[in-house]
Amino acid sequence: MTIVESISKYEEYLLTVKRLAAGTVKNYVTDLQSLTDWLREAGVSEVTGISSREIRGWQMAQMEAGISEGTMRRKLSSLRPWFRYMRNMKWVEGDVMAKITSPKVPKRLPVFFKESETERIYEQEIFPEGYEGERDKLILRMLYETGMRRSELAGLSLTNIDFGGKRIKVLGKGNKERYIPVEDELLGNIERYLALKRETHPEAEALFLKGKGVAINANDVYLIVKHYMSMLSNAERVSPHVFRHTFATHMLNEGANIDAIKELLGHANLNATEIYTHNTREHLKEAYKHAHPRGENN
């Protein structure tokens, strides 16, 4: 079986048996073609001629050509099911990918807004007068003070706000409910916003509205955050999720318990929350460098 014939049959298998999207299959085949071109130059045309040595040689050539670790990982992940398919078809024996390791991709620390930047969302003059300005101001403040996801915020209705209990009920991933405590100041902001909302859309149950009383969606939340925070922040990325990162990072920097933050964020396990401790370590390093007599900047 030639390599070209194998890829052609594998492509048909993905489309007709696995029923993958044509675009997904095209991406797989493109990655396999990269290997095929290299093997052809190495004089290998049959699938039985591919060994771990050839794969490593191709991998090294790709890395020397300047592709990123992430792209290399993706290419190798395309190769593994192809070889598994060929083993099932009895075209090859053994797993040549067993000895192939993917390059490690360094974890990126979550981007977050500086405290000096989040303080700007409490300045009245940056928001226009009227309903939309009050709505946008409350959206930014709620994202920062609750850490909720943009879809969770967009889905809030009037019944989600528990003024007596000083908390907000949020419907998270997997329809899992959680309650986020809120302070009196934010509750006061919500009450003032609702008073203005009742003047324009007295019957609407959704908390945040646009246009003619239509509930906002997650993309609307993204655009609102992008509009304001692009002016207020120098962060490399600006999005509602950055507010979520900011909520967790600022809480940790102030000494909050990581288990409590996990519950507030609605994470299923602690691993998803622990990445914010790395931001806290960096925060402490910077504080040391700027304040300690033996720090780098002193």
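Miscellaneous remarks
- Some residue of region 116-126 being closer than 30 Å to G49 by Cβ, outside the structural domain of E12 (by TED's automatic domain parsing) and in contact with a helix residue (DSSP H, G or I) (Cβ under 9 Å, 6 or more places away or on another chain): no
- Of the residues making up region 252-265, those that are of a type outside the set (G, A, S) and more than 11 Å from T277 (Cβ to Cβ) number 7.
- Some residue of region 125-138 being aliphatic (A, V, I, L, M), modelled with pLDDT of 95 or more and surrounded by 14 or more Cβ atoms within 10 Å (Cβ to Cβ): yes
Okay, residues lined up against (1) free of Cβ contacts under 8 Å to residues at least 24 places away in the same chain; (2) under 22 Å from E203 (Cα atoms); (3) not in a helix (DSSP H, G or I):
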position: F112; (1), (2), (3): no, no, yes
position: E134; (1), (2), (3): no, yes, no
position: I139; (1), (2), (3): no, yes, no
position: L143; (1), (2), (3): no, no, no
position: T159; (1), (2), (3): no, yes, no
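- Pair list, Cβ < 6 Å and 6+ apart or interchain, from region 164-184 residues that are within 10 Å of T146 (Cβ to Cβ) and surrounded by 15 or more Cβ atoms within 10 Å (Cβ to Cβ) to residues that are polar (S, T, N, Q) and at pLDDT 95 or above: I168/N160; I180/T146
- Within the span defined as region 188-202, every residue fails to be aliphatic (A, V, I, L, M) and not in a helix (DSSP H, G or I).
- The one condition in (1) surrounded by fewer than 16 Cβ atoms within 10 Å (Cβ to Cβ); (2) under 17 Å from E263 (Cα atoms); (3) polar (S, T, N, Q) that T200 fails to fulfil: (2)
- The residue that is surrounded by the most Cβ atoms within 10 Å (Cβ to Cβ), counting only those in region 240-257 that are of a type in the set (S, T, N, Q) and free of Cβ contacts under 8 Å to residues at least 60 places away in the same chain, is N253.
- Tally of residues being of a type outside the set (G, A, S) and touching a residue at least 24 places away in the same chain (Cβ under 8 Å) across region 24-37: 7
- Evaluating V105 against the criteria (1) assigned by TED's automatic domain parsing to the domain that holds W38; (2) modelled with pLDDT under 90; (3) among the hydrophobic types (A, V, I, L, M, F, W, C) leaves one unmet condition, (1).
- Cβ pairs under 8 Å, 6+ apart, first in region 199-220 and on the phi > 0 side of the Ramachandran plot, second modelled with pLDDT under 95: G213/T200; G213/H201; G213/E203; G213/A204
- Identity of the residue in region 246-265, out of contact with any Leu (no Cβ under 9 Å at 6 or more places or on another chain) and closer than 17 Å to P110 by Cα, that ends up modelled with the highest pLDDT: L265
- Of all the numbered requirements in (1) more than 16 Å from K9 (Cβ to Cβ); (2) surrounded by fewer than 14 Cβ atoms within 10 Å (Cβ to Cβ); (3) over 26 Å from the mean Cα position of the chain (by Cα), A61 misses one, and that requirement is (2).
The values are calculated or read from the model by the stated rules, or taken from the named source; none is laboratory data. Since we're looking at a predicted model, the values are computed, not measured. In this analysis, Cβ positions are derived from the backbone assuming ideal geometry, glycine residues included, and neighbour counts consider all displayed protein chains.
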